[in-house]
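Encoded as structure tokens, the structure appears first; notes follow it.
The values are calculated or read from the model by the stated rules, or taken from the named source; none is laboratory data. Keep in mind that what you see is a predicted model, and the values were worked out from it rather than measured. Here the Cβ positions follow ideal geometry from the backbone for every residue, glycine too, while neighbour counts run over all protein chains shown.
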Amino acid sequence: MTEFWLISAPGEKTCQQTWDKLMMATTRTNNLSTNSKFNIPDLKVGTLDVLVGLSDELAKLDAFVESVVKKVAQYMADVLEDSRDKVQENLLANGGQNHCGIKGVQTLMLVLVINFCFLCCVSVDLVTYVTRFQWDMAKYPIKQSLKNISEIVSKQVSQIDNDLKARASAYNNLKGNLQNLERKNAGSLLTRSLADIVKKEDFVLDSEYLITMLVVVPKTNYTDWQRTYETLAEMVVPRSTNLLFEDQESGLFTVTLFRKAIDDFRLKARENKFTVRDFQYNEEEMKADKEEMTRLSTDKKKQFGPLVRWLKVNFSEAFIAWVHIKALRVFVESVLRYGLPVNFQAMLLQPNKKNMKKLREVLYDLYKHLDSSAAAIIDQSAMDIPGLNLSQQEYYPYVYYKIDCNLLDFK
């Protein structure tokens, strides 16, 4: 599963005991979930009033950042035009903290260096990033207040959102114009462009009296056409028809006649289920259309690579920001619920899909003593507790937030 439950519970005598208790209840005896510690650094607490206000602000910011993460992911899928698995391979997270050259690294054990570099320098899949989460001190300095950190995230993700809109608009316009031209060169002979089919020598040009017309004839009517085209109107040039092109249903024929017979010929042709195409041979216009398609196709290829790279980088940035917001929310809600001094253990659970209901029951039994009012899972609609920020649909006696790494909406 790509769904995670990010929870916290107050420290017992030590936070390690809290962790051991969870592991005993969910993993060692029941195999209900795969668990990992979720490391949150010592953040500045601030005043109670600030925490209460920040709780609501973080809920809104969480929803906004999640929406941007999903928009970038979905647009990458649209641009790549590939399967879910292929797109998922490009949805990676990079911690961005390249500290591999720190002084004294030679004194560290090799395995620690490898793990550290892996976490800090290498792009990893989303599940790996979440389960091995490390706070990015460079992007979000913990010496800053919680509000300042949230504002840093907000500005960063808002910029990504604005850039995405601009880049998507430019690329979509280019792609749309190219598709329109491609549609003109596809489809049935009744509607498609004929520029890549006809040649100059197929027409009588620059004649004061004669004109060459193009007629679409159903394949089932070829015999009728050959038998009747010379008599559909007066002044049709005998033996002037040629088959230029065929698709699955029809053929494109030329016929030459005197200009004064055009209207009569159109009428009679329609009565016989032959369709005259409105077409005038103009070499310059056809050349311009071909050049425009070549230009658009070239521009699309030029923009594709940089756009995909931008999407990869900024998806990673937005996703990392989102997980940091989750960490902020856990910290704020834990302080509001469990009080000071700060003493709680944040834990990440990856539920076993078949045992999710059982896992909820086990967690409830484990933590029901934390909140006597939570006699059962309480629907948010029945509650309005300032500061506890029950923006999820459910309330639990422990702090809980969901992180779902399945970000693509494939129809």
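What residue, of Glu230, Glu284, Glu208, is among the charged types (D, E, K, R) and within 52 Å of the chain's Cα centre (by Cα)?
Glu284
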List the number of the failed condition for Glu66; all other conditions in (1) more than 24 Å from Val342 (Cβ to Cβ); (2) outside any helix (DSSP H, G or I) hold.
-> (2)
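Restricting to region 336-359, give me the number of residues that are part of a helix (DSSP H, G or I) and closer than 16 Å to Leu51 by Cβ.
Here is the first cut: in region 336-359, the residues part of a helix (DSSP H, G or I) are 336-338, 353-359.
Subset that is closer than 16 Å to Leu51 by Cβ: 336-338.
Total meeting the criteria: 3.
Conditions tested, residue by residue: (1) more than 25 Å from Arg183 (Cα to Cα); (2) part of a helix (DSSP H, G or I); (3) not assigned by TED's automatic domain parsing to the domain that holds Thr223.
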| site | (1), (2), (3) |
| --- | --- |
| Phe253 | no, no, no |
| Ala261 | yes, yes, no |
| Arg270 | yes, yes, no |
| Lys273 | no, no, no |
| Val276 | no, no, no |
| Lys287 | no, yes, yes |
| Thr294 | no, yes, yes |
| Ser297 | no, yes, yes |
| Lys301 | no, yes, yes |
The lone exception for Ile114 - which of (1) at pLDDT below 95; (2) touching a strand residue (DSSP E or B) at 6+ places or on another chain (Cβ under 7 Å); (3) not basic (Lys, Arg) it fails = (2)
Scanning region 163-195 residue by residue, those closer than 30 Å to Leu54 by Cβ, surrounded by fewer than 17 Cβ atoms within 10 Å (Cβ to Cβ) and touching a residue at least 24 places away in the same chain (Cβ under 8 Å) turn out to be Asp163
Those residues of region 301-312 that are surrounded by fewer than 16 Cβ atoms within 10 Å (Cβ to Cβ) and either without any contact (Cβ under 8 Å) to a residue 12 or more places away in the chain or not aliphatic (A, V, I, L, M) (or both) come to a total of 6
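Would you confirm, using the coordinates I've provided, whether Ile160 is in contact (Cβ under 8 Å) with a residue 12 or more places away in the chain and either buried (at least 16 other Cβ atoms within 10 Å of the Cβ) or in contact with a His (Cβ under 9 Å, 6 or more places away or on another chain) (or both)?
Details: in contact (Cβ under 8 Å) with a residue 12 or more places away in the chain: yes; either buried (at least 16 other Cβ atoms within 10 Å of the Cβ) or in contact with a His (Cβ under 9 Å, 6 or more places away or on another chain) (or both): yes.
For Ile160, the condition - in contact (Cβ under 8 Å) with a residue 12 or more places away in the chain and either buried (at least 16 other Cβ atoms within 10 Å of the Cβ) or in contact with a His (Cβ under 9 Å, 6 or more places away or on another chain) (or both) - is met.
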